[in-house]
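Reading through the structure tokens given below for one structure.
Values quoted throughout were computed directly from the atomic coordinates according to the rules given, and no laboratory measurement underlies them. What you see is a predicted model; the values in this text were computed from it and never measured. Because the Cβ atoms are built from the backbone with ideal geometry, glycine has one as well, and the counts that use them run over all protein chains shown.
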Amino acid sequence: MRLLVHLALRSLLRSRLAFGLLVAAVTAGVCFQIPNAANLAGYTEELLRQGMERMTGHLQVVARDGKAVEGVAAMLARLERQGGLRAVVPRLIHGGVAFKGSEHQPVRIQGIDPGAEERATGFCRRLGRGRCMRAEAGAAPEAVLGASLAARLKVGVGDRVKVLIPYQELGEVEHSSAYYRVSGVLEGGGAFTTDADLFLALPLLRRVVGAEDAASIVSIYLHDHAEAGRRAAELRPLLPRLEVKPWWEVSQFVASAIAGNRAIYGVSMAMVVAAVMIPVSALLFILVLHERRQIAILGALGFSRPALFGIYMWKAALVGLIGVGLGSALGYGLCRYFMLRPIFEFSGFVVRPALNLEVFAVPSLALFTVTLLSGLVPALRAARCEPAVGLRED
Amino acid sequence: MLFLAAHVSRSFPQGDDSLTALDDVTLIVREHEYVAIAGPSGGGKSTLLNVLGLLDGEFSGHLEFRNQKVHGLSARERAALRLAGIGIVFQRFHLLPMLDVRDNVALPNWRLHGARRRARARAEELLAQMKLGHRLRHDPSRLSGGEMQRVAIARALVNDPPVLLADEPTGNLDASNTRAVLRIFDELAEAGRTLVVISHNPEVVTRAKRVLVLHHGKVTVDVPVGQIMEPRFNPWSTLSGTQPPREGA
Ligand SMILES: Nc1ncnc2c1ncn2[C@@H]1O[C@H](COP(=O)(O)OP(=O)(O)OP(=O)(O)O)[C@@H](O)[C@H]1O
Ligand SMILES: [Mg+2]
């Protein structure tokens, strides 16, 4: 085998231009596809992170009739005993209107438990300005505003906003109207943050609308998004009257964006495979035609057909190894570059390349295999050589 | 018996027709013989050498190499026999451009035994005998014709085959290089190696002990070297008996 490798390498080194072009084709393919794969994987990760780790959760529990979920405290206790859930977060969602001076805005009001929300999504840490609202009984009423809402109302931390909240009582529509101090402003998160929402402490909103143990949704956070389907199936029997939705049913945008990513990855992989396979197989084939006499000499000396086949497969393998090695190194360099200069960055939503084994291994192995496959027909052609015929040629 | 060929024919398709390059050749080459094959161009000499050298398996008839049947062997089996048992030297040297002189010679030995160091040592030894010990690491294309042919002979001998086949080994050499090659052949023959040498050159042919003449694919003369210059056998004379005997003549 060492002899075959030696002959393959010597013969490649003899046609340096062809060797260089062969290696360049594989290198280009690998060093294109690694950062591409890393960026797409990074995009998927960011979609998952922003889309559910911060907002929807991996699973959502909602009432079947679209009304509020009742008996939340008991349900939380039951879920607590389940184990394996990273956080369980109830949210009460209500419509309302916010006023400041002559400005007013219809708003979505979210009643949240700041402690649980912080554990699940880092909500309080993500505030751009100020701090989380106080949730203790007897604390002064406070609100956190989404950044665009704060901008539209022209308010900042410390200002007071008036919020009108309609609710039903005994079949009549009543409303509460009160002042809240702005304790913090939520910034960033791109399309997924509730940039225009107004957040109140859950107990406070419950009291205002008279729904003591209710939540509109209960979001469940897992350690791994891939467990969502299995976990949803496990939890359904525990919550028979409620609906347990995995994240892809809740956030169809995230689900289809991830599916789109996968499709782009597949298409780009197919293009890279073709872009490597065509020139590599053509060049290797031309080399075999060009080296017919040398192949005939080897045959005449007693190299069998499998040995001649082996020499040309080794050529492809050497080209593949060197090309993949160089391509991975350059691809890693490009990934580092994209870490510093992300390809997409908007309002806290940042696509950075994901540097995991898979984004390196899959393109590398795929293109190494493609290079070997490209060597197959040329190697078969070399093995078919008749020494007596080949030696007559010039 | 080194080679036994019985009723060996080889034809090449030429359009709808076919060209018979070897026509029912029967011959024996014994161990330690020094045989020359002469004859006009196109007579089938190279075709015969390709058949004997197991380069060409597409002939019909019966062929044995060292009492082993070789007709009907696969290309792979023929390659294995050739590697260990037959050294071949060509008119155009056929050295490999991607290897240096030493590795050109070492190659068949490395292939046979799988040991590079041993093969290179053997190559160095042979090249020293060929007075090329100072050119080991040179590119073969830098050598003169005579040097190239000595490298090719060293390569043919590296596995110590019982027989050396040579097709016009001096065809591209000048007189003094021709003499050098012939001296090497003499030494090999004296040492007991079987030699089958194709040549047009009377100087080369008359160094052998036995001469065959091939004409139109047939062996028309098979005589000891002493008789080859007799007019009825002499292949260089236009009146020679190398013409196929005419009917009724
Ligand atoms: N591979 C081939 N395909 C077609 N025809 C061939 C082939 N090899 C040999 N021939 C034909 O067979 C005949 C004998 O050829 P061969 O090469 O054996 O002659 P030769 O005696 O060696 O001649 P020369 O002295 O010129 O080398 C020629 O007519 C040649 O054209
Ligand atoms: Mg010839």
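Observations
- Pair A:Val362, A:Ser268: separation of 7 Å Cα→Cβ label points (nm): 1.1 nm
- Segment A:346-394 versus segment B:153-185: alpha-carbon centroid distance in Å: 44 Å
- FRET efficiency estimate (nearest 0.05) - Cβ-Cβ, B:Arg179 to A:Arg14, R0 45 angstrom: 0.85
- Extension gain, A:Arg125-A:Leu76: 0.36 nm per intervening residue step, less the Cα-Cα distance, totals 15.2 nm.
- Computed from the C-beta positions of A:Leu164 and A:Ala257, the FRET efficiency with R₀ = 45 Å rounds to 0.80.
- Less than 5 angstrom separates the built amide H of A:Leu186 from those of A:Gly128, A:Leu145, A:Gly146, A:Ala147, all sequence-distant by 5 or more or on a different chain.
- When +1 charges are put on Lys and Arg Cβ atoms and -1 charges on Asp and Glu Cβ atoms, the dipole computed for chain B relative to its Cα centre reaches about 980 debye.
- Coarse-grained scattering of segment B:120-173 at q = 0.18, 0.19, 0.24, 0.26 Å⁻¹, given as base-10 log I(q)/I(0) from a Debye sum over alpha-carbon atoms: -0.59, -0.66, -0.99, -1.11
- Three-way shape call for segment B:71-174 based on the alpha-carbon gyration tensor, with the a/c threshold at 1.5: oblate
- Three-way shape label, segment A:85-213, alpha-carbon gyration tensor, a/c 1.5: oblate
- log10 of Debye I(q)/I(0), alpha-carbon scatterers only, for segment A:9-79 at 0.24 Å⁻¹: -1.05
- Convex hull per residue volume in Å³, alpha carbons only, for segment B:120-249: 125 Å³
- Alpha carbon Rg of the protein assembly as shown, scaled by the compact-globule rule 2.2 N^0.38 Å: 1.69
- Within segment A:351-393, backbone nitrogen closer than 12 Å to the virtual label 7 Å beyond the Cα of A:Ala226 toward Cβ: A:358
- Largest to smallest principal axis extent of the C-alpha atoms in chain B, angstrom: 63, 41, 36
- Within chain A, the cysteines lacking any other cysteine Cβ closer than 4.7 Å to their own Cβ are A:Cys31, A:Cys335, A:Cys385.
- Distant-in-sequence amide contacts of A:Tyr167, defined by a placed amide H-H separation under 5 Å and a gap of 5 or more residues or a different chain, comprise A:Glu174, A:His175, A:Ser176.
- The calculated FRET efficiency for the pair B:Glu203 and A:Arg336, based on their C-beta separation and a Förster distance of 51 Å, comes to about 0.10.
- 222 nm mean residue ellipticity, helices alone, for chain B (DSSP H n ≥ 4; -39,500 (n - 2.57); rounded to 500): -9500 deg cm²/dmol
- Each residue, B:Met1 and B:Ala121, gets one label point 7 Å from its Cα in the Cβ direction; the gap between the two is 3.9 nm.
- Helix axis angle, B:101-113 relative to chain B longest principal axis, alpha carbon, degrees: 80 degrees
- Comparing Cα centroids, segment A:108-152 and segment A:39-101 end up 15 angstrom apart.
- Segment B:1-110, dipole about Cα centre (Lys/Arg Cβ +1, Asp/Glu Cβ -1), debye to the nearest 20: 320 debye
- Residues of segment A:350-390 falling in the label zone of A:Ile286, defined by backbone nitrogen less than 16 Å from a point 7 Å along Cα to beta-carbon, are A:375, A:378.
- Farthest toward positive dipole pole in the protein assembly as shown [+1 Lys/Arg, -1 Asp/Glu at C-beta], among A:Gly310, A:Asn261, A:His225: A:Gly310
- According to the Cα-based calculation, Rg over Rh for segment B:6-143 is 1.03, with Rh computed by the Kirkwood formula.
- Against the main long axis of the alpha-carbon atoms of chain A, helix A:16-48 sits at an angle near 10°.
- 3J(HN,Hα) along segment A:114-122, derived from phi through the Karplus expression 6.51 cos²θ - 1.76 cosθ + 1.60 where θ = phi - 60°, amounts to x, x, 5, 5, 5, 5, 7, 10, x Hz, with x in place of Gly and Pro.
- Segment A:260-326 and segment B:16-81 have Cα centres lying 36 Å from one another.
- Candidates A:Leu127, A:Gln168, A:Pro114 compared by Cα position along the dipole of segment A:85-213: farthest toward the positive end lies A:Leu127, with charges placed on Cβ.
- Helix B:116-129 vs. chain B, principal-axis angle (Cα, 0 to 90°, nearest 10): 70 degrees
- Taking only Cα atoms of segment A:171-296, radius of gyration then Dmax in Å: 28.7, 99
- About its Cα centre, the dipole of chain A is roughly 1380 debye, where the only charges are +1 on Lys and Arg Cβ and -1 on Asp and Glu Cβ.
- Spherically averaged projected area of segment A:193-234 from its Cα convex hull (nm²): 4.7 nm²
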